[in-house]
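Below: one structure, written as structure tokens.
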Amino acid sequence: MSVSSNIAEIRERIARSAARVGRSPEEITLMAVSKTVEPARIREAYQAGLRLFGENRVQEFAEKSGALAELKDAEWHLIGHLQSNKASKAAQLFHAIDSVDSLRLAEKLNQAAQQAGKVLSVLIEIKVGTEESKAGIPLGSPELEDILETASRLEHLQIRGLMTVPPFTENPDGARDYFRCLRDLRDQIARRKLPRVEMDVLSMGMSHDFEVAIEEGSTCVRVGTAIFGVRPKPA
């Protein structure tokens, strides 16, 4: 199937998932995860109506961003783990960083955004499982509170919400408790009405489990394989 037909099918699935729990599909943003995808295929997704794209690596996007410069209203988010020594480059390249996992990184991004003359939207990545391979702030870690309490003085960051990658389960319903956990955490933070902390974005759900994520409150699903097909693993 073509990229455009894949997107049309995903949008139908989003609408059905939203309807099951009384939500409007307009509440859910579809992000195309374009890591390792060549510019021509990304342009196909853009021509099919997508405007939000997620990249995993700063260097990879830096190398192909010039070939995508004509996509004027596309929005590029970094969704992969970011080392603090690459914060400056990331702040220049991306509209948002969806994978903030430490106060140190938040402070580095704030400084980099100030130098770039912009306010950078960010999400805090939460590790809801115990897998060593997954990034994010572990549930219960004081690091989350450190970021939230410091947010008021990070004047070049706007914290928009939370993001997670749950442990993989063959049955998508196996991720439900993890998604529910992140939604509950988001709700707890939102009730505190902290300065410079919005909680309107809940980024959770990927190609194999986004329908369950929508049922549990996701506002942004990150879909790569179901749009672009299976891609070779980077060397």
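The values are calculated or read from the model by the stated rules, or taken from the named source; none is laboratory data. Fair warning: this is a prediction, and the values are worked out from it, not measured in the lab. As a convention, Cβ positions derive from the backbone with ideal geometry for all residues, glycine included, and neighbour counts pool all protein chains shown.
One table, with the values for the structure above:
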read-out	value
Matching option when the condition is among the hydrophobic types (A, V, I, L, M, F, W, C) and more than 24 Å from residue 211 (Cα to Cα), among 103, 78	103
Sole residue being surrounded by fewer than 18 Cβ atoms within 10 Å (Cβ to Cβ), modelled with pLDDT under 95, at negative phi and in a loop (DSSP other than H, G, I, E, B), chosen from 155, 132	132
Any hit, the range 93-106, residues being acidic (Asp, Glu), assigned to a strand (DSSP E or B) and in contact (Cβ under 8 Å) with a residue 40 or more places away in the chain	yes
Residue in the range 170-191 that is within 30 Å of residue 47 (Cβ to Cβ) and charged (D, E, K, R) present	no
When residues of the range 16-38 are limited to those that are under 14 Å from residue 227 (Cα atoms) and of a type outside the set (Ser, Thr, Tyr), the one surrounded by the most Cβ atoms within 10 Å (Cβ to Cβ)	32
Condition broken by residue 67, with the remaining ones in (1) closer than 25 Å to residue 92 by Cα; (2) in contact with a helix residue (DSSP H, G or I) (Cβ under 8 Å, 6 or more places away or on another chain); (3) surrounded by 14 or more Cβ atoms within 10 Å (Cβ to Cβ) satisfied	(3)
Checking residue 115 against (1) loosely packed, with under 14 Cβ neighbours inside 10 Å; (2) within 17 Å of the chain's Cα centre (by Cα), the condition it does not meet	(2)
Leading residue by the ranking (nearest to residue 206 (Cα to Cα)) among those in the range 19-54 that are in a helix (DSSP H, G or I) and small (Gly, Ala, Ser)	45
Criterion: within 13 Å of the chain's Cα centre (by Cα), under 25 Å from residue 76 (Cβ atoms) and either of a type outside the set (S, T, N, Q) or at pLDDT below 95 (or both) - qualifying residue of 182, 123	123
Which listed residue is crowded, with 17+ Cβ neighbours inside 10 Å, more than 25 Å from residue 52 (Cα to Cα), of a type outside the set (S, T, N, Q) and free of Cβ contacts under 8 Å to residues at least 40 places away in the same chain, from 120, 144	144
Residue 177 being in a strand (DSSP E or B), at pLDDT 95 or above, of a type in the set (Asp, Glu) and surrounded by fewer than 20 Cβ atoms within 10 Å (Cβ to Cβ)	no
Residue list for the range 211-235, restricted to those being over 13 Å from the mean Cα position of the chain (by Cα) and either aromatic (Phe, Trp, Tyr) or in a loop (DSSP other than H, G, I, E, B) (or both)	216, 217, 228, 229, 230, 231, 232, 233, 234, 235
